[in-house]
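Since every read-out is calculated from the coordinates, none of them should be taken as a lab result. In this text the structure is predicted, and so the values were computed from the model without any measurement. Using ideal geometry, Cβ is built from the backbone for each residue, glycine included, and neighbour counts are taken over all protein chains shown.
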């Protein structure tokens with residue numbers, strides 16, 4: 001029986017593929033770490049019992065595939081076996097166009113946990129939030145599914161509906177949200193001028209071209225008529241993406257120095273990434289916005305900037321995904337996504353399950369402008385008030401806002417940049 005199982009594994013290509021990955025090989029595994037023969041025999045016994053006695057006939061390939069899915073699924077929320085469709089979707093995801101509803105997810109206690117909805121997608125427009133737990137997809141309970149099965153159910157043709165039953169913190173009853181599937185096209189980077197001299201860059205996800213787009217956005221903001229006096233980098237609800245892209249973003253903001261390093265069991269998992277000399281925004285104040293939906297590559301950027309004291313981190317604590325996944329292709333068009341390392345900030349902080357804590361905590365809030373009639377009487381309203389005199393100054397007059405901002409956290413970030421810009425112009429005290 002063991003020989004037959006081994007022959008099947010070798011014939012299917014799975015055994016050969018798993019042993020020929022670049023991270024490890026059989027010769028490098030010490031004898032004490034090799035799989036015990038007794039456990040292999042136990043697996044073979046269970047395999048044979050299922051083949052012989054399960055109520056419905058299941059082919060050997062499906063049984064082995066299910067075993068691999070379980071093997072990876074029990075490791076951590078981010079390791080997974082990727083069938084051909086899932087592997088293709090992942091490749092499209094990092095390139096910036098893919099099908100679905102637009103959410104980044106992981107597994108938690110048998111449910112699908114939303115790490116972050118992606119900007120301008122059906123999920124974000126429907127009001128799905130970071131931290132939501134999906135408990136049902138249409139009429140199918142999620143508990144008991146693996147991540148691959150749940151993702152397959154969420155995929156579908158453009159225009160077709162998907163009803164999600166969601167458990168949300170501080171909500172007594174589940175929410176029922178219907179989302180219309182669409183082709184998801186994510187713009188990785190966008191920028192705009194908030195007020196004269198103050199720029200804003202939003203990174204929705206770290207893709208292959210994010211670093212280059214980020215540099216172009218900075219250069220575009222710097223070409224405006226007035227010099228750039230401050231920049232807000234918005235990483236809220238950014239679920240991460242490609243680690244090299246996050247290093248490229250930090251490289252544009254630092255004048256050299258360590259960005260991030262990783263530590264794992266395999267030699268190839270131990271790496272260090274550093275910024276090159278020369279930054280694009282020398283001496284320009286920087287504020288980075290994060291929240292609970294900022295994960296992985298977003299946390300690498302925020303952690304590096306915080307450790308180098310290059311900018312102020314503002315918002316709420318990030319998600320806390322401090323692990324690195326490698327995509328290891330198999331010989332038949334499938335792949336495994338395997339957690340191979342933990343990453344650390346330049347000062348040696350592990351973000352895993354801890355997150356980045358902002359320098360200034362600012363919770364998101366709704367803004368209600370006070371009625372102008374309630375603002376009280378000013379000196380100028382009094383009869384016979386004195387004039388300004390012969391000297392007039394406009395130093396304190398507000399600049400004309402180019403964008404109407406209703407985002408409280410963004411308003412606070414802009415106000416902080418204005419204060420830093422004012423302080424940088426003050427003469428030194430003798």
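List of remarks:
- Among beta bridges identified by DSSP and lying wholly in region 186-336, the antiparallel ones come to about 50 percent.
- FRET E, pair residue 171, residue 378, Förster distance 51 Å, beta-carbon r, rounded to 0.05: 0.70
- Entry note: region 100-185 has Rg to Rh equal to 0.92, where both radii use alpha-carbon atoms and Rh is the Kirkwood radius.
- Computed from the Cβ-Cβ distance with R0 of 25 Å, the FRET efficiency linking residue 219 to residue 424 stands at 0.70.
- Hull shadow area, averaged, region 186-328 [alpha-carbon convex hull, nm²]: 8.6
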